[in-house]
Amino acid sequence: MRSLLLGLILVIVSCETSEKPLPSQRILVIGNSITIHPPDSSIGWNANWGMAASGPDQDYFSLLKADLQKHTAELDMIRENVYPFERGFETIDYDQYEHLKAFQADIIIIRLGENIQDEEIANWNLAEAIEEFAFYLGREDTKYIVTTTFWPRPLVNEQLIHVANKNLWKVVDISDLGSDPDNMAFGKFENQAVASHPNDQGMKGISAALARAVRDLE
């Protein structure tokens, strides 16, 4: 009798601790070179994935996609380097991203900010631009996740957190990853700008933080 009760308890505990399967999802990730960068021989980067990752399956996007596929009924996940938005967020024509809007994402992950200069920020202009861009890309019921920057960018992060709090979007803080050189690819690339990008360990950290955030969405 005792062994039977113990077995029932173990079954109950197992059910309670197992992860709830996620519904079918269409996820759009917008970012910069950390998300994906085409080959550029002038800086010694010859791949077409998240910069400084050692392979196409080792950048944070690919790791995140592989993780979510294990728990999602059906997953359609795409990414885009929106560097033009970073460099011209107040004047950019969103029509060039009409194909992303047509994707009709259930979740949009905003993982950018490193290429925005402090002198371009005034009042809440960046936060307002991110809000407008996000709403252009999404549907009325789209859910949003925003990360802080990988490299220290206090003014940019202030804007990112502001727009997230205003709209009740989930914020994922990855600043601790970017403060540790062990999470960067120093010594693997001659170009220091490339080498300062997250290495495989850094990419895994970003992926893990985002995976938790996606699962926590209601």
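To keep it simple, each residue is scored yes or no on (1) touching a residue at least 24 places away in the same chain (Cβ under 8 Å); (2) under 14 Å from the mean Cα position of the chain (by Cα).
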| site | (1), (2) |
| --- | --- |
| E128 | yes, no |
| Y136 | yes, no |
| Y144 | yes, yes |
| P154 | no, no |
| I161 | no, no |
| S175 | yes, yes |
| D182 | no, no |
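The residues of region 49-71 that are open to solvent by 50 Å² or more (accessible area, probe 1.4 Å), part of a loop (DSSP other than H, G, I, E, B) and without any contact (Cβ under 8 Å) to a residue 24 or more places away in the chain, listed by number, are P56, D57, K70. Which residues, counting only those in region 72-99, are in contact (Cβ under 8 Å) with a residue 24 or more places away in the chain, over 17 Å from the mean Cα position of the chain (by Cα) and open to solvent by 50 Å² or more (accessible area, probe 1.4 Å)? If the condition is that a residue be in contact (Cβ under 8 Å) with a residue 24 or more places away in the chain, over 17 Å from the mean Cα position of the chain (by Cα) and open to solvent by 50 Å² or more (accessible area, probe 1.4 Å), then A73, E74, R87, E90 are the ones that fit. So A102 clears everything in (1) in contact (Cβ under 8 Å) with a residue 12 or more places away in the chain; (2) more than 18 Å from the chain's Cα centre (by Cα) except one condition, right? Which one? Of everything listed in (1) in contact (Cβ under 8 Å) with a residue 12 or more places away in the chain; (2) more than 18 Å from the chain's Cα centre (by Cα), A102 misses just condition (1).
For region 184-213, give me the residue count where each residue is more than 18 Å from the chain's Cα centre (by Cα) and either at pLDDT below 95 or small (G, A, S) (or both). Give the derivation first.
Residues of region 184-213 that are more than 18 Å from the chain's Cα centre (by Cα), as a first pass: 185-195.
Going one step further and asking which of them are either at pLDDT below 95 or small (G, A, S) (or both), we end up with 185, 187, 193, 195.
Total meeting the criteria: 4.
Right, Q104: open to solvent by 10 Å² or more (accessible area, probe 1.4 Å) and part of a loop (DSSP other than H, G, I, E, B) or not? Answer is yes for this residue. Looking for something among the hydroxyl-bearing types (S, T, Y), modelled with pLDDT of 75 or more and within 26 Å of F150 (Cβ to Cβ) - is there at least one such residue anywhere in region 20-27? Scanning region 20-27 turns up no residue that is among the hydroxyl-bearing types (S, T, Y), modelled with pLDDT of 75 or more and within 26 Å of F150 (Cβ to Cβ). At least 3 residues being open to solvent by 20 Å² or more (accessible area, probe 1.4 Å) is the threshold, and among the helices (runs of 4 or more DSSP H) wholly inside region 129-218 those reaching it are 154-167, 175-178, 200-216.
Please verify whether region 121-128 includes one or more residues that are of a type in the set (G, A, S), at pLDDT 95 or above, exposed (fewer than 13 other Cβ atoms within 10 Å of the Cβ) and in a helix (DSSP H, G or I). Looking through region 121-128, none of the residues is of a type in the set (G, A, S), at pLDDT 95 or above, exposed (fewer than 13 other Cβ atoms within 10 Å of the Cβ) and in a helix (DSSP H, G or I).
The values are calculated or read from the model by the stated rules, or taken from the named source; none is laboratory data. Predicted model, so just to flag it, every value in this text is computed and none were measured. A quick note on method: Cβ atoms are made from the backbone with ideal geometry, for glycine too, and the neighbour counts reach across all protein chains shown. Accessible surface areas use protein heavy atoms only, side chains included; no ligands, DNA or RNA. Shrake-Rupley method; radii C 1.70, N 1.55, O 1.52, S 1.80 Å.
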